[in-house]
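First comes the structure, then the notes that go with it.
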Amino acid sequence: MNLNSELAGRHQAIGMPSSHDIQSCVKRSKHMNFDKEIDVRGLFCPYPFLRSKKALTAMASGQVLHVLLTDPSSLKHFGDFAELTGNELLESAEKDKAFEVYLMRK
Amino acid sequence: VNASAESGPSWLAGFKADYETIFVEGWSPYLGSVLLVVVILGLMISGLFWGIFGGLKLWGDWLNSAIGLGPALGLPETLEGPLLHRMSLMNITLLLGAFCAALLSRQFQINRPPKLEYIWAALGGCFMGLGATLAGGCNTGGFLTAAIHSSPSGWAMWAGLLLGAAIGLKLLLWTLEHIEWGMQAPPTLNMPASLVSIYPLLGLGVVLGIIAWAAGWYYSGNEKLAVRGIIIVAGFAMGFIMHRSRLCFARAFREPFMTAEGEMTKAVILGLAIAIPLASLLFQSKVIDPYIAIPATFWVGSLLGGVAFGIGMVFAGGCASGSLWRMAEGHLKLWVAVFFFAWTGSVASGLLKQAGLIVKEVTIEEIEETRLGYQAYFPVMFDGWGWALFASAAILLLWYALVRYNESTEKFTLL
């Protein structure tokens, strides 16, 4: 499944191994530090975003949230959210129908 | 970067890259909204309009007749066939358009949500069915199409939808903190790779089938079928566009309260800003009668219906149109939502009609009236198009200003 080849390319660009398992990707991506992680894989709109925003709101400015999700509507949604509200999207990547996103609280 | 573009002869790579851009990568919601307006205006030029609830209600009527509730709900003995009923046909072809887009992008996937989400989908569907009955239409017929037809009933439902989305979000947040049960996601169903690899071919098959069906009816020599040929193409186009741009009215109403992000909201505002003045030209040149798509629900029905519908769409995770295209992408949650939406819509319509609330009467001004409101039309209320267009523009501008201000300040978020 080739949802978004551009993101897959970026995935490679940040040095992540092309593993089949998103979890192992995460474990090995130690260079991207985060302060809090939420796993919303398998949940549907609006849950992934609702939980992410709730977690982000509870964090301090400059802290990084790591989100694991599968809802296909959500990846682009995170990009729009970051661009329009000033919370920074540090990295987003796609792997085997799952996505991971790093967001920094503004 | 693009594995599929690297195989095969080199001249093929350019075509494959274009295929990815058009059929695989998501479109901007602004493009989606503008294209949707083009289809809506095309329908209007053909003397038609876009609505979804009427078709869903027909499906619910069939179900209620089958299980013996027909007489109790006052349903007619013979119901129109789902393929001939105009809105039902538009829903079916919208589903096919979104299904086709999902196949071409290789994004079709049977998705099962956690157990609790099925319950919220059913509950949300029921609220949407009730809301659409009260407002005389869903987010399309009750809000979008009514607003395009310069009716304040669209804006009364808009106010209700905003309030309903806010209430729904608050309720959903409460459940998030108090209900632990049933939020464990089931394992993902993997579609066989051999099947996924022929998705684009299947998608092409759907396109060819639609063309053959539409052309067959359009050139059938039967006036009734010819009109339905246009509906087939329009419904298909709308489903395709909505899937490609992931157009979502639920997101447009909910998101400013949730994350403050207003991309989808602004896309809907842009679409209306284009559609309303162009539609007014069609009404002024008498290409179409505006009243055919104005519900007799201003303002009580529109407002209350909007609130109920707004709560429902937040719980279901999709409005009427959004639920349909997500159904076609394989999300079982939205199958449940649409089932209950259609069923409750039929039940609520039957009961409210028998209670006398939504029985239409024609007034001396030759407009329809129910106990929940009347067919309100800005140009009649303001005695001309100047103030009528000004009223719509003012609301759109206010909506845009609030959403844009909120994006920077998060003043209206409820989290």
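The table for this structure:
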| read-out | value |
| --- | --- |
| Per residue value of the accessible surface for chain B (all protein chains in place, 1.4 Å probe), Å² | 40 Å² |
| Over segment B:131-173: Kirkwood hydrodynamic radius from C-alpha pairwise inverse distances, Å | 10.4 Å |
| Buried solvent-accessible surface, both chains (A, B), 1.4 Å probe, Å² to nearest 100 | 3400 Å² |
| Net charge over other residues, Cβ less than 11 angstrom from the Cβ of B:Gly350 (K, R count +1; D, E count -1) | +1 |
| Counted charge near B:Ile52, where neighbours are those whose Cβ lies closer than 14 Å (Asp, Glu -1; Lys, Arg +1) | +3 |
| Percent of C-alpha pairs per 10 Å bin, segment B:228-387, short to long | 9, 27, 37, 25, 2 |
| Of all accessible heavy-atom area on segment B:222-309, the percent that carbon and sulfur account for (1.4 Å) | 72 percent |
| Scaled radius of gyration (Cα, divided by 2.2 N^0.38 Å) that chain B gives | 0.98 |
| Structure-based [θ]222 nm, chain B - -39500 (n - 2.57) summed over DSSP H runs of at least 4, per residue, nearest 500 | -22000 deg cm²/dmol |
| Hydrodynamic radius by Kirkwood, which averages 1/r over all alpha carbon pairs of segment B:135-270, in angstrom | 18.8 Å |
| Computed E for A:Ser61/B:Ala13 - FRET, C-beta separation, R0 45 angstrom, nearest 0.05 | 0.50 |
| Candidate lysines - alpha carbon under 27 Å from B:Lys224, same-chain residues fewer than 8 apart omitted | B:Lys57, B:Lys286, B:Lys360 |
| Rg [Å, one decimal], Dmax [Å, integer] - segment A:38-92, C-alpha atoms | 10.6, 29 |
| Set of lysines near B:Lys411 by C-alpha distance (under 28 Å), chain-local residues within fewer than 8 positions excluded | A:Lys36, A:Lys53, A:Lys54, A:Lys76, A:Lys106, B:Lys170, B:Lys266 |
| Value in Å of the Kirkwood radius, where segment B:114-205 supplies the Cα pairs that are averaged | 16.5 Å |
| Alpha carbon convex hull of the protein assembly as shown, volume per residue in cubic angstrom | 158 Å³ |
| Semi-axis lengths, Å, segment B:13-85, gyration tensor of Cα atoms, sqrt of 5 times eigenvalues | 40, 17, 11 |
| Estimated translational D of segment B:56-199 in µm²/s (Stokes, Kirkwood radius over Cα pairs; 20 °C; 1.002 mPa s) | 115 µm²/s |
| Estimated D of segment B:335-415 in µm² per second, where Rh is the Kirkwood radius over Cα pairs and Stokes-Einstein applies at 25 °C, 0.890 mPa s | 146 µm²/s |
| Theoretical FRET efficiency, 1/(1+(r/R0)^6), r = Cβ-Cβ of B:Asp289 and B:Lys170, R0 30 Å, to 0.05 | 0.15 |
| Cα→Cβ-extended label distance, 7 Å offset, between B:Leu201 and B:Ala66, nm | 3.3 nm |
| Charge sum, other residues only, whose C-beta stays under 11 Å from B:Met264's C-beta, Lys/Arg counted +1 and Asp/Glu -1 | +1 |
| Relative contact order (percent, whole number), chain B, Cα cutoff 8 Å, 6+ residue spacing | 31 percent |
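The values are calculated or read from the model by the stated rules, or taken from the named source; none is laboratory data. Here the structure is a predicted model, which means the values were calculated and not measured. Glycine also receives a Cβ, built like all others from the backbone with ideal geometry; neighbour counts cover every protein chain displayed. Keep in mind that these areas ignore ligands, DNA and RNA; they rest on the heavy atoms of the full protein, side chains included. Shrake-Rupley method; radii C 1.70, N 1.55, O 1.52, S 1.80 Å.
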